[in-house]
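Taking it in order: structure first as structure tokens, then the write-up.
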Amino acid sequence: MGTGKSTVALWLADRLDRLLVDMDTLIEQRTGWPIARIFAERSESFFRTLEHAMCLELSLREALVVATGGGALLNPLSREALVKSAFVVCLHARPETLAQRLADSPQRPLATQWQALLAERQAVYESLPHHIWTDHKTPSEVGEEIIRLWNASL
């Protein structure tokens with residue numbers, strides 16, 4: 001949360017001429033509810049079920065740039081499906097950067113808990129294959145770094 005996933009994904013999709021899928025946006029479109037309402041009226045568990053189904057669906061498609069939510073890869077089956085089928089990059093930022101980026105984020109139901117969530121999720125994030133720090137970088141700089149990592153992996 002707050003590392004720049006959606007912004008960098010938009011830049012990458014444009015640069016690579018690929019379809020962008022922002023998982024949170026797609027879930028909102030399909031359910032007709034904003035994420036905050038899903039959390040409030042249905043539950044985080046319900047949202048995670050939708051998110052898992054979306055991960056499995058997207059793992060079967062090609063030529064996409066996908067911006068996952070911060071918790072999408074916590075489910076081991078979701079993580080396995082995407083890591084096997086896609087080039088997965090984990091974006092990181094220092095706590096002070098995250099605090100600044102997440103200040104006043106009412107549309108993010110877990111924004112007030114970001115520090116605890118980050119600590120809780122750290123081991124999963126570290127298990128992902130590729131990592132980029134986004135502090136003091138523009139979306140294009142992060143995107144170019146992702147492209148360099150991707151080309152080096154081919």
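Would you be able to say whether some residue in the range 139-151 is farther than 20 Å from Glu44 by Cβ, out of contact with any helix residue (DSSP H, G or I) (no Cβ under 8 Å at 6 or more places or on another chain) and buried (at least 17 other Cβ atoms within 10 Å of the Cβ)? There is at least one residue in the range 139-151 that is farther than 20 Å from Glu44 by Cβ, out of contact with any helix residue (DSSP H, G or I) (no Cβ under 8 Å at 6 or more places or on another chain) and buried (at least 17 other Cβ atoms within 10 Å of the Cβ). Could you tell me whether any residue of the range 84-104 is among the aromatic types (Phe, Trp, Tyr) and either assigned to a helix (DSSP H, G or I) or at pLDDT below 95 (or both)? The answer is no; no qualifying residue exists. Whenever a residue of the range 55-72 is on the phi < 0 side of the Ramachandran plot and in contact (Cβ under 8 Å) with a residue 60 or more places away in the chain, its partners that are among the hydrophobic types (A, V, I, L, M, F, W, C) and assigned to a strand (DSSP E or B), lying with C-beta atoms within less than 8 angstrom and at least six residues away or across chains, give the pairs Ala67/Leu20; Ala67/Val21. So, of the residues in the range 1-11 that are part of a helix (DSSP H, G or I) and polar (S, T, N, Q), which turns out to be modelled with the highest pLDDT? If we take residues in the range 1-11 being part of a helix (DSSP H, G or I) and polar (S, T, N, Q), then Thr7 is modelled with the highest pLDDT. Summed over the range 12-43, the residues that are part of a helix (DSSP H, G or I) and in contact (Cβ under 8 Å) with a residue 24 or more places away in the chain give a count of 12. Only one of the numbered conditions (1) loosely packed, with under 14 Cβ neighbours inside 10 Å; (2) more than 14 Å from Thr3 (Cα to Cα); (3) of a type outside the set (Val, Ile, Thr) is not met by Gln122, and that is (2). Evaluated against (1) surrounded by 17 or more Cβ atoms within 10 Å (Cβ to Cβ); (2) part of a helix (DSSP H, G or I), Phe46 falls short on exactly one condition, (1).
Among the residues of the range 19-43, those identified as β-branched (Val, Ile, Thr) and either crowded, with 16+ Cβ neighbours inside 10 Å or in contact with a Phe, Trp or Tyr (Cβ under 6 Å, 6 or more places away or on another chain) (or both) are Val21, Ile27, Ile35, Ile38.
Just checking, does the range 66-79 include any residue being in a helix (DSSP H, G or I), out of contact with any helix residue (DSSP H, G or I) (no Cβ under 6 Å at 6 or more places or on another chain) and surrounded by fewer than 18 Cβ atoms within 10 Å (Cβ to Cβ)? Checked the range 66-79: at least one residue is in a helix (DSSP H, G or I), out of contact with any helix residue (DSSP H, G or I) (no Cβ under 6 Å at 6 or more places or on another chain) and surrounded by fewer than 18 Cβ atoms within 10 Å (Cβ to Cβ).
The residue list Glu80, Glu28, Glu51 contains one member that is modelled with pLDDT of 95 or more, touching a Gly at 6+ places or on another chain (Cβ under 7 Å) and farther than 19 Å from Ile146 by Cβ, which is Glu51.
Among the residues of the range 119-140, those identified as within 25 Å of Ser85 (Cα to Cα) and either in contact with a Phe, Trp or Tyr (Cβ under 9 Å, 6 or more places away or on another chain) or assigned to a helix (DSSP H, G or I) (or both) are Arg121, Gln122, Ala123, Val124, Tyr125, Glu126, Ser127, Pro129, His130, His131, Pro139, Ser140.
The values are calculated or read from the model by the stated rules, or taken from the named source; none is laboratory data. Remember, it's a predicted structure, so these values are computed and weren't measured experimentally. When we count neighbours, we look across all protein chains shown, and the Cβ atoms used for this are built from the backbone with ideal geometry, even at glycine.
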